Amino acid sequence: MRLNIRLSLIIKSLAFLLILLVLIVGVLDVMDVSFTSDKARRVLLEQIKIFTQRDVRIDGEVQISVSLVPKLQVERIHIKNAEGFGDEDFIAVSEARVEISL
């Protein structure tokens, strides 16, 4: 008798957790929570500078969206020319977007 009560409690708990997980996934699918991040801007600037060995600036926003498809969007990225090649930008990107399908 006690075994049946314990088994019933475990099954109910698992069903509750499954329903809760489905609800959370549904909410994340519907909602698209996004925010700007200065820390992400600093990390991106540092990593792009290390990778390209050139001065970099970001004039636009750095937005991070948290959902089932996380996104990173960066606006107006400028990478300078190497020394001796002029003062203009080597490359200017109006918008870069990365999406991760989970």
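None of the figures in this text is laboratory data; all of them are computed from the coordinates on show. In this text the structure is predicted, and so the values were computed from the model without any measurement.
Students often get this wrong, so try it: which of (1) 85, 25, 21; (2) 55, 42, 23; (3) 33, 29, 21 is Cα extents along the principal axes in Å as calculated from the structure shown? Here Cα extents along the principal axes in Å agrees with entry (1). Phi angles across region 74-79 convert, under the Karplus curve 6.51 cos²θ - 1.76 cosθ + 1.60 with θ = phi - 60°, into 3J(HN,Hα) values of 10, 10, 6, 9, 10, 10 Hz, Gly and Pro given as x. With θ taken as phi - 60° and the Karplus curve 6.51 cos²θ - 1.76 cosθ + 1.60 applied, the whole-hertz 3J(HN,Hα) list for region 29-36 is 5, 7, 7, 10, 7, 10, 8, 8 Hz, x standing for glycine and proline.
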